[in-house]
Amino acid sequence: MKETHYPVYLRAREYWNTRFNDFHMPLAYLHGCELLLAYPAADADIVIPAIFLHDVGWKLIPEEEQGRAYGPTMEDESLRRIEDESLRRQHEIDGARIANEILTDVNYDPRKREMIVRIIDGHDSRLESLSEEDSLVKDADKLWRFTLVGVDIHYREFGKPLKEYVPWLSNQIDRWFFTERGKQMAHEALAKVKHAVAEVGHV
Ligand SMILES: [Fe+2]
Ligand SMILES: [Fe+2]
């Protein structure tokens, strides 16, 4: 890890012990690093801290309420409820505020701090991307859902059978991802899941 990212990581991880962020963040970090290799013009000093900090706002939302704020129901406009949407928005608002505090505390470059905070404030609800860095953060955020651990957690949580959940997930790739490499990585990760399930799956 780059030396200048380390103090941000140390402060951000204090917020990761809720929801699935202890898995989600390391995977998002690895996926973010891989995306940066494909898009070297993107600024890693924005992308990596934004990944570390993007979901710190969940820590302020009680765990029993968190599940309402994402998942297939939230992805479907006809099923989405206003109170659930505002819960999702709340983790962005809290996250942007906490990120701003942390980045200020560690004396992060103020211009980059501002861009990171803007990315976090809207990372789920804003459907368009602000910049190449934003696109990479958005794609790194989504990719873990396509790994075995992400699929395993989510299909149970969303109460869908695996044989319905995996095709549903596959259908979201073009809609969710902003970069071609992100789409490719999502297809590759899901292909591994499908292969594992086809070989030894029980459903
Ligand atoms: Fe989020
Ligand atoms: Fe996330």
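Those residues that are within 19 Å of Thr147 (Cβ to Cβ) and within 14 Å of ligand 1 (Cβ to nearest atom), I need them from the range 33-57; list them, please. Residues satisfying the conditions are Ile51, Phe52, His54, Asp55.
Yes or no, residue by residue, for (1) at pLDDT below 95; (2) closer than 30 Å to Ala191 by Cβ:
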{"position": "Pro62", "(1), (2)": "yes, no"}
{"position": "Glu83", "(1), (2)": "yes, no"}
{"position": "Arg89", "(1), (2)": "yes, no"}
{"position": "Asp105", "(1), (2)": "no, no"}
{"position": "Arg113", "(1), (2)": "no, no"}
{"position": "Glu128", "(1), (2)": "no, yes"}
{"position": "Lys138", "(1), (2)": "no, yes"}
{"position": "Leu148", "(1), (2)": "yes, yes"}
{"position": "Pro167", "(1), (2)": "yes, yes"}
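Among the residues making up the range 6-43, a single one is outside any helix (DSSP H, G or I), open to solvent by 70 Å² or more (accessible area, probe 1.4 Å) and within 24 Å of Glu65 (Cβ to Cβ): Asn17.
Number of residues in the range 1-47 that are within 15 Å of the chain's Cα centre (by Cα), closer than 24 Å to Arg111 by Cα and charged (D, E, K, R): the value is 1.
The values are calculated or read from the model by the stated rules, or taken from the named source; none is laboratory data. The model shown is predicted, which means the values in this text are computed figures rather than measured ones. FYI the Cβ positions are ideal-geometry reconstructions off the backbone, even for glycines, and counts take in every protein chain you see. The accessibility values were calculated without ligands, DNA or RNA, using every heavy atom of the protein model including side chains. Shrake-Rupley method; radii C 1.70, N 1.55, O 1.52, S 1.80 Å.
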